[in-house]
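Peer 1: Pasting a structure here, questions to come.
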Amino acid sequence: MSVAAADVINLLASLLLLIAFAMLAQRRLLRLIHLFALQGFVLALNTAVVAATIGQAHLYFSAVLTLVLKVILLPWILHRLIDRLHVRWDVETQVNLSTIQLVGIVLVIIAFNLASPISQLAGTVTRGTLGIAMASVLLSFLMMITRRKAIPQVIGFLSMENGLFFAATSATYGMPMVVELGIALDVLVGVFIFGIFFFQIRETFDSLDIHHLERLKDK
Amino acid sequence: MSWSELASQLFQTVLAIAGAPLLLGWVNQCRAWLQNRSGPGVLQPYRLLIKLLQKDAVLAQNASWLFRVAPYVVFACMVLAVSIVPLVATDLPFALAADVIALVGLLALARVFMALAAMDVGTAFGSLGARREMLIACLAEPALLMVFFTPALISQSTELTVIVDQLAHRELRLYPSMAFAAVAFVMVLLAENARIPVDNPATHLELTMVHEAMLLEYSARHLALMEWAHALKLMTYAAIGIALFAPWGIAEAGVWSMVPLAVAVLAAKLALAGAGLALLETLSAKMRIFRAPEFLGMAFMLAVLGMLTRILVQT
């Protein structure tokens with residue numbers, strides 16, 4: 001593999017990490033969805049570059065699948081959802097950015113340390129980016145924990161799936177086609193179900209704040 | 001130190017000092033165009049400097065020697081800072097004496113004198129501006145150091161000339177870690193040069209001023225030096241940005257035939273950087289002063305991430 005291809009793969013991986021942090025810090029719902037679409041796009045591009053580098057045809061299918069599902073279909077559904085829920089211009093105010101960022105850096109260090117022995121075992125050309133993949137999974141997880149509203153949590157969940165997909169690409173050149181298709185279908189159906197949940201939550205509590213769910217009984 | 005090196009050093013320093021107001025004027029002009037105004041022209045900072053230099057200085061009654069000395073110290077610091085950044089050639093004998101950490105120190109020294117002078121007269125605005133400036137600076141400085149460490153790790157040196165030599169004159173590689181450092185650097189640049197998301201250079205409204213509030217008591221030649229130092233600071237930052245993230249075109253040491261081309265490339269890069277800065281400023285709104293720590297915390301975090309990525313993927 002040429003040095004240039006490795007450089008491009010590493011650059012795209014770093015971009016993914018950058019986007020993960022941007023999502024962590026983004027307060028506006030609309031921008032969050034844009035960032036999610038961008039993350040999907042970079043992921044698809046990265047998969048395509050890996051496919052071109054090692055000449056594996058099935059990775060092209062994953063790239064196209066990612067592009068269709070995560071850049072076009074899911075953002076479109078999310079846009080429709082926030083329009084129907086009238087939360088397009090929603091801003092999450094209670095986000096303590098400085099602390100979250102520090103926790104984020106610690107997570108990145110943990111992920112890099114965790115990944116280094118694994119990536120030494122892996123024989124793929126993309127093994128260096130495994131740490132970044134794990135970091136994006138953990139950062140998405142952190143985003144789910146720190147958000148109060150339902151929709152950003154779901155976006156965090158979806159971007160966690162992006163991180164897992166990226167981890168699979170960098171550790172073993174992607175999963176078998178059947179598994180990949182299955183996950184894609186699961187994510188799609190998951191978003192539909194979440195959409196129904198949103199309406200139910202709002203109907204019951206008059207807001208999308210998840211913290212209302214912590215109370216089990218009516219007062 | 002040979003004559004050729006000395007000439008190169010002198011040429012670059014003079015070029016920076018003379019060109020700094022032009023860069024500032026260009027940024028202001030671009031901003032005016034973007035805001036649908038006709039603008040004062042790119043030469044306006046020079047006219048301002050000439051006007052100020054012709055006037056008689058007025059000092060406050062209780063101004064101490066510190067107040068009078070500060071403009072000269074600040075200006076000298078900025079001249080020194082800009083003379084260790086390679087503009088057109090890596091032939092800089094001064095750079096051997098000071099690396100990027102010393103550069104950050106020089107900028108800090110200028111800032112301390114500026115803040116002290118602002119507090120010296122004892123007006124409310126001066127100390128308000130000084131305090132805000134120190135708040136921003138104490139967050140921007142570690143971020144700037146972290147930005148420098150990524151290219152320093154890549155080229156195994158903290159000297160800017162060596163970094164530029166490594167990045168520009170070796171084989172072309174993509175450094176993902178530098179992408180993080182670049183974003184962080186732009187954020188630090190905006191904060192340190194009193195540009196829009198953090199401070200508004202065009203305002204004299206008491207609630208929003210940071211940098212301007214510190215200069216309120218200055219007049220005539222002192223003010224001229226302060227303004228010039230401010231332009232030089234922008235020039236220094238632009239030159240650092242070019243040296244770290246787009247060093248192609250900077251001539252190698254001792255190759256004088258490449259210098260005319262390098263000057264042309266530098267002018268083009270500075271014009272682009274100035275236009276980009278104006279665009280950034282026009283697109284963003286000024287944030288509350290208490291959001292500045294968040295903004296700079298982000299810059300620091302990105303710079304640290306750049307270093308971590310560098311260590312992880314070794315590119």
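The values are calculated or read from the model by the stated rules, or taken from the named source; none is laboratory data. Source: prediction; values computed, not measured. As a convention, Cβ positions derive from the backbone with ideal geometry for all residues, glycine included, and neighbour counts pool all protein chains shown.
Peer 1: Return the residues of region B:298-315 that are surrounded by 18 or more Cβ atoms within 10 Å (Cβ to Cβ) and more than 7 Å from every other protein chain (Cβ to nearest Cβ); say none if nothing qualifies. Full working, then the answer.
Peer 2: Keep residues of region B:298-315 that are surrounded by 18 or more Cβ atoms within 10 Å (Cβ to Cβ), which gives B:298-310, B:312-313, B:315.
Once the filter is applied, which keeps residues that are surrounded by 18 or more Cβ atoms within 10 Å (Cβ to Cβ) and more than 7 Å from every other protein chain (Cβ to nearest Cβ), region B:298-315 yields B:Ala299, B:Phe300, B:Leu302, B:Ala303, B:Gly306, B:Met307, B:Arg310.
Peer 1: Sticking with this one: Evaluate the following for B:Pro247: is it within 14 Å of chain A (Cβ to nearest Cβ) and either in contact (Cβ under 8 Å) with a residue 40 or more places away in the chain or part of a loop (DSSP other than H, G, I, E, B) (or both)? First the steps, then the outcome.
Peer 2: Working: within 14 Å of chain A (Cβ to nearest Cβ): no; either in contact (Cβ under 8 Å) with a residue 40 or more places away in the chain or part of a loop (DSSP other than H, G, I, E, B) (or both): yes.
No.
Peer 1: I'm trying to understand the selection: among the residues of region B:250-262, which are assigned to a helix (DSSP H, G or I) and surrounded by 15 or more Cβ atoms within 10 Å (Cβ to Cβ)?
Peer 2: The first filter runs over region B:250-262 and keeps only residues assigned to a helix (DSSP H, G or I), leaving B:256-262.
Within region B:250-262, B:Met258, B:Val259, B:Ala262 qualify.
Peer 1: In addition: For the condition farther than 29 Å from A:Ala111 by Cα and touching a residue at least 60 places away in the same chain (Cβ under 8 Å), what is the one hit in B:Ala264, B:Ala253? Give the steps one after another, and end with the answer.
Peer 2: Numbers: B:Ala264 fails: touching a residue at least 60 places away in the same chain (Cβ under 8 Å).
From the options B:Ala264, B:Ala253, the qualifying one is B:Ala253.
Peer 1: If we scan region A:137-160, do we find a residue that is closer than 30 Å to A:Leu81 by Cβ and assigned to a loop (DSSP other than H, G, I, E, B)?
Peer 2: Step one: filter region A:137-160 for residues closer than 30 Å to A:Leu81 by Cβ, giving A:137-160.
With assigned to a loop (DSSP other than H, G, I, E, B) added as a condition, the list becomes A:147-148.
Yes, region A:137-160 has at least one match.
Peer 1: For region A:11-43: of the residues being within 19 Å of A:Pro152 (Cβ to Cβ) and aromatic (Phe, Trp, Tyr), which is farthest from the other protein chains (Cβ to nearest Cβ)?
Peer 2: A:Phe36
Peer 1: Considering only region B:257-297, state which residues are touching a Ser or Thr at 6+ places or on another chain (Cβ under 9 Å) and within 14 Å of chain A (Cβ to nearest Cβ).
Peer 2: Scanning region B:257-297 gives B:Pro293, B:Glu294, B:Gly297.
Peer 1: Let me ask you something else. Scan region A:44-63 and tell me whether some residue there is assigned to a helix (DSSP H, G or I), aromatic (Phe, Trp, Tyr), away from chain B (no Cβ under 12 Å) and touching a residue at least 40 places away in the same chain (Cβ under 8 Å). Walk me through it before giving the result.
Peer 2: Kept after step one, since they are assigned to a helix (DSSP H, G or I), are these residues of region A:44-63: A:44-54, A:57-63.
Filter once more, so that each one left must be aromatic (Phe, Trp, Tyr): A:60-61.
Within this subset, residues satisfying the condition of being away from chain B (no Cβ under 12 Å) are A:60-61.
Next, only the ones that are touching a residue at least 40 places away in the same chain (Cβ under 8 Å) stay: A:61.
Within region A:44-63 (the criterion being assigned to a helix (DSSP H, G or I), aromatic (Phe, Trp, Tyr), away from chain B (no Cβ under 12 Å) and touching a residue at least 40 places away in the same chain (Cβ under 8 Å)), the answer is yes, since at least one residue qualifies.
Let's see how each residue does on (1) outside any loop (DSSP other than H, G, I, E, B); (2) modelled with pLDDT of 85 or more:
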| site | (1), (2) |
| --- | --- |
| A:His86 | no, no |
| A:Trp89 | no, no |
| A:Thr93 | no, no |
| A:Ser98 | yes, no |
| A:Ser116 | yes, no |
| A:Ser119 | yes, no |
| A:Thr124 | no, no |
| A:Gly131 | yes, yes |
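Peer 1: I'm trying to understand the selection: among the residues of region A:142-161, which are basic (Lys, Arg) and within 14 Å of A:Leu97 (Cβ to Cβ)? Break it down into steps so the answer makes sense when it comes.
Peer 2: Keep residues of region A:142-161 that are basic (Lys, Arg), which gives A:147-149.
Once the filter is applied, which keeps residues that are basic (Lys, Arg) and within 14 Å of A:Leu97 (Cβ to Cβ), region A:142-161 yields only A:Arg147.
Peer 1: Of the conditions (1) buried (at least 21 other Cβ atoms within 10 Å of the Cβ); (2) more than 14 Å from chain A (Cβ to nearest Cβ); (3) within 26 Å of B:Met298 (Cβ to Cβ); (4) modelled with pLDDT of 90 or more, B:Met146 satisfies every one except a single condition; which number is it?
Peer 2: Exception for B:Met146: condition (2).
Peer 1: Tally time: how many residues in region B:263-296 are crowded, with 20+ Cβ neighbours inside 10 Å and either more than 19 Å from the chain's Cα centre (by Cα) or aliphatic (A, V, I, L, M) (or both)?
Peer 2: Going through region B:263-296 one residue at a time, the tally reaches 7.
Peer 1: Would you say A:Ala115 is small (Gly, Ala, Ser) and away from every other protein chain (no Cβ under 14 Å)?
Peer 2: Values: small (Gly, Ala, Ser): yes; away from every other protein chain (no Cβ under 14 Å): no.
No: the conditions fail for A:Ala115.
Peer 1: Looking at region B:21-45, I want the residues that are on the phi > 0 side of the Ramachandran plot and have a partner that is surrounded by fewer than 17 Cβ atoms within 10 Å (Cβ to Cβ) and among the charged types (D, E, K, R) with Cβ atoms under 9 Å, at least 6 apart or on another chain. Which pairs are those?
Peer 2: The qualifying pairs are B:Gly41/B:Arg47.
Peer 1: Does region B:1-29 hold any residues that are under 15 Å from B:Gly274 (Cβ atoms) and under 18 Å from the mean Cα position of the chain (by Cα), and which are they? Quick ask: steps written out before the conclusion?
Peer 2: First, pick out the residues of region B:1-29 that are under 15 Å from B:Gly274 (Cβ atoms): B:16, B:19-29.
Hits for region B:1-29 are B:Ala16, B:Gly19, B:Ala20, B:Pro21, B:Leu22, B:Leu23, B:Leu24, B:Gly25, B:Trp26, B:Val27, B:Asn28.
Peer 1: What residue, of A:Leu181, A:Leu139, A:Leu107, A:Leu114, is touching a residue at least 40 places away in the same chain (Cβ under 8 Å) and closer than 28 Å to A:Ala25 by Cβ? Walk me through it before giving the result.
Peer 2: Values: A:Leu181 fails: closer than 28 Å to A:Ala25 by Cβ; A:Leu107 fails: touching a residue at least 40 places away in the same chain (Cβ under 8 Å); A:Leu114 fails: touching a residue at least 40 places away in the same chain (Cβ under 8 Å).
Unique residue meeting the criteria: A:Leu139.
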